[in-house]
Amino acid sequence: MIYFNILAPILLIISGLPQTIKLLKTKKSDDISPATYVMTLFAVLILLCKSVVVNDSTLIASNAVSCLLLSINTSLIFWYRFVVSKK
């Protein structure tokens, strides 16, 4: 059972990397829904709060890293869509 507690957060963290790399390479976010990333970010923030309450260090670390990556992706989406595309 401990493997699931480690495998799931690792997969969650890795799942955001391809989109981050694509955003940085193409500098375009027209085909990405920002609402999906905002809702996912809030969901992971809630999970982070829960993991702090139950004091699970593995979940705290994985949710914190997931929040960081989701924040980066969400920021890049809004940056490329509303700032860079307007220039």
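Please treat every number below as a calculation from the coordinates, not as lab data. All figures in this text were calculated on a predicted structure; none of them were measured in a lab. Ideal geometry is used to build each Cβ from the backbone, glycine not excepted, and the neighbour counts take in all protein chains shown.
The figures follow:
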{"read-out": "Acute angle (nearest 10 degrees) that the helix 57-78 long axis makes with the longest principal axis of the chain, alpha-carbon atoms", "value": "10"}
{"read-out": "L17-V83 FRET efficiency (beta carbon distance; Förster radius 25 Å; 0.05 resolution)", "value": "0.60"}
{"read-out": "Lys pairs, the chain - Cα-Cα below 28 angstrom, 8 or more residues apart or on other chains", "value": "8"}
{"read-out": "Cα-based helix-to-principal-axis angle, 2-15 vs the chain, degrees rounded to 10", "value": "10"}
{"read-out": "Length added when fully stretched, L7-I72, from 0.36 nm per residue minus Cα-Cα", "value": "21.2 nm"}
{"read-out": "Sorted by Cβ neighbour density within 10 Å, fewest at the top, the residues L41, L68", "value": "L68, L41"}
{"read-out": "Average projected area [Cα convex hull, segment 2-84], square nanometres", "value": "5.4"}
{"read-out": "Cα-centre dipole for the chain with unit charges at Cβ (Lys and Arg positive, Asp and Glu negative), debye to 20", "value": "480"}
{"read-out": "Full-stretch length increase - K27, A43 - with 0.36 nm per residue and alpha-carbon distance subtracted", "value": "3.2 nm"}
{"read-out": "For A64, net neighbour charge (Lys/Arg +1, Asp/Glu -1) across residues whose Cβ lies under 14 Å away", "value": "0"}
